[in-house]
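Q: One structure, as structure tokens, below. Some questions next.
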Amino acid sequence: MYSRFVEFDRVVKFIQETYNTKDFLPLHEPRFIGNEKKYVNEAIDSTFVSSVGKYVIEFEEMMAKFVGSKYAVATSNGTSALHIGLKLVGVDENSEVITQPLTFIATANAIAYCNAKPIFVDVDRDTLGLSAQKLEAFLEASTFLNEDNECVNKTTNKIIKACVPMHTFGHACKIEEIVEICNRYNIIVVEDAAESLGSYYKGQHTGTFGKVGIFSFNGNKIITTGGGGMIVTDDETLAKRAKHISTTAKVPDPYEYIHDEVGYNYRLTNLAAAMGVGQMESLEFFIGKQRELAFKYKEFFKELELKFIEEPKDSSSNYWLNAVILKDRETRDEFLKYTNNKGVMTRSIWRLMNKLEMFKEAQCGDLSNAQWLEDRVVNISSSVVL
Ligand SMILES: *Cc1c(COP(=O)(O)O)cnc(C)c1O
């Protein structure tokens, strides 16, 4: 008991030394060290502050180039990007969508926005992301391919249309294997890469393995536009459709307002994109700094009982959010209390989606790894150290 608090105190002191402060330390603050203000001012001066303007186009082009996708479509946030992404691949009220129970709520919410049903399949303990092994086991035991080659859920008789793996805290899941399994079952992969801008699996950028990938630029992500998101794809038709339905499905016409379906007002503003272009210019620097910080943590935690979560095999992580594994739930809670009381903000990983009121009826596989991680994982200070 006593030694546990000695360890916790060492962690607090290490973090305070690393950030060179005894003031309150948030989990992840944004950093603006480049041209953000200049570009935002330019956007204001141009009067193009809304969803049309040169910065939106520039931001989309920079993102496509950075991740290595053919197309990128900017949206108002990561959740709306995921909603559109699911709609693009045909997820509707008759569909079921496989995802992981250990994720930020947006993943499950976007499925619900399509009136589709989520199915929760377990994660791996090392990647924290959807487990390829458990996915394959679930599909083999619980589904069959019908005469149209669609994947039918034996329990509900509904079509499993899509799968949404997520790269937790910037650590890549076994995405190549997951895509290969989904291809065999005719399930379309929509990658929730909201947390993994700058993370790679076998040298390829996360978010570019599936048919569609999405990113988030919320205030706490590795780069931010205040609020924003991006859809990436190599499919021209899907990219065009993404832009169309996220722009109220407006049909070009010189005089009239014509819309050809129920669309969404999900476009990113030029003002936000201006900030995004400034942030993109710092992205490589941020990733380098995050990896440096993670390396420091890794060395430090070697001597402690707390285990630092390192990037999984075959991947390179942006280390967006650093995390440690505590001995058990009780120790986790003590650690949370101790560190937050000292002004060093820490947070537990998410409560599993299937335990939340609105998703408690959802079909679940064996979720033992997700539960194990829920009981033990805590995020620690992860702002870029300047
Ligand atoms: C941040 C995040 C999103 C999108 O969030 P927004 O706040 O809508 O940009 C989606 N999925 C995951 C896993 C996230 O962490």
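Taken together, the values in this text are just the output of simple stated rules run on the coordinates, not laboratory data. Fair warning: this is a prediction, and the values are worked out from it, not measured in the lab. Ideal geometry is used to build each Cβ from the backbone, glycine not excepted, and the neighbour counts take in all protein chains shown.
Q: Using C-alpha positions alone, give me the convex hull volume of the stretch 258-309 per residue in cubic angstrom.
A: With only Cα atoms used, the stretch 258-309 gives 145 Å³ per residue.
Q: For the chain, what is the relative contact order in percent, using Cα pairs closer than 8 Å and at least 6 residues apart in sequence?
A: Value for the chain: 25 percent.
Q: Taking the number of other C-beta atoms within 10 Å as the exposure measure, put D124, D234, D148 in order starting with the fewest.
A: Ordered by Cβ neighbours within 10 Å, fewest first: D148, D234, D124.
Q: Using a ≥ b ≥ c from the Cα gyration tensor of the stretch 1-74 (square roots of the eigenvalues), is it rounded, prolate or oblate, where a/c under 1.5 gives rounded and otherwise the larger of a/b and b/c decides, a/b for prolate?
A: Since a/c reaches 1.5 and a/b is larger than b/c, the shape of the stretch 1-74 is classed as prolate.
Q: Looking at S382, M358, S315, which one has the Cα that reaches farthest to the positive end of the dipole of the stretch 313-386 (charges on Cβ: Lys, Arg +1; Asp, Glu -1)?
A: Towards the positive end, the residue furthest out is S382.
Q: I've got another one for you. With the cut-off at 1.5 for a/c, could you classify the chain from its C-alpha gyration tensor as rounded, prolate or oblate?
A: Oblate.
Q: Between F144 and E361, what FRET efficiency comes out of the Förster formula 1/(1 + (r/R0)^6) with R0 = 25 Å and r the beta carbon distance, rounded to 0.05?
A: 0.60
Q: Can you run phi through the Karplus equation (6.51, -1.76, 1.60; θ = phi - 60°) for the stretch 150-162 and list ³J(HN,Hα) in whole Hz, with x for Gly and Pro?
A: 8, 8, 9, 7, 4, 6, 10, 6, 9, 7, 8, 8, 9
Q: Given K211/K243; K243/K360; K22/K221; K174/K243; K154/K360; K87/K117, which pairs have Cα atoms separated by over 22 Å?
A: K243/K360; K22/K221; K174/K243
Q: Which of A162, A362, A194 moves the most in a Gaussian network model of the chain with Cα springs under 10 Å?
A: Its mean-square fluctuation being the largest, the pick is A362.
Q: Let me ask something additional. Let me have the 222 nm mean residue ellipticity of the chain computed from DSSP H runs of 4+ only, each contributing -39500 (n - 2.57), with the sum over all residues rounded to the nearest 500.
A: -12000 deg cm²/dmol
Q: Hey, in the GNM for the chain with a 10 angstrom Cα cutoff, which one of T346, T156, T103 fluctuates hardest?
A: Most flexible of the set in this elastic network: T156.
Q: To continue, here is another question. Given the peptides 88-95, 195-202, arrange them by the average over their residues of other C-beta atoms within 10 Å, most packed first.
A: The densest-packed peptide leads the list: 195-202, 88-95.
Q: Shape call for the stretch 147-241 from the C-alpha gyration tensor, a ≥ b ≥ c root eigenvalues: rounded (a/c under 1.5), prolate (a/b greater than b/c) or oblate?
A: Because a/c hits 1.5 or more and a/b exceeds b/c, the stretch 147-241 counts as prolate.
Q: Also: When the Cα centres of the stretch 267-303 and the stretch 174-212 are compared, how far apart do they sit, in Å?
A: After rounding, the separation between the Cα centres reads 21 Å.
Q: Which whole-Hz couplings ³J(HN,Hα) result when phi for each residue of the stretch 223-239 is put into the Karplus expression 6.51 cos²θ - 1.76 cosθ + 1.60, θ = phi - 60°, listed in order with x for Gly and Pro?
A: Calculated HN-Hα couplings, in order: 10, 9, 10, x, x, x, x, 8, 9, 10, 6, 9, 9, 4, 4, 5, 4 Hz.
Q: Ratio of alpha-carbon Rg to the 2.2 N^0.38 Å globular estimate for the stretch 66-196, to two decimals, please.
A: So the Cα radius of gyration is 0.99 times the expected 2.2 N^0.38 Å.
Q: Quick one: order K87, K327, K70 by neighbouring beta-carbon count within 10 Å, fewest to most.
A: Lowest to highest Cβ neighbour count: K70, K327, K87.
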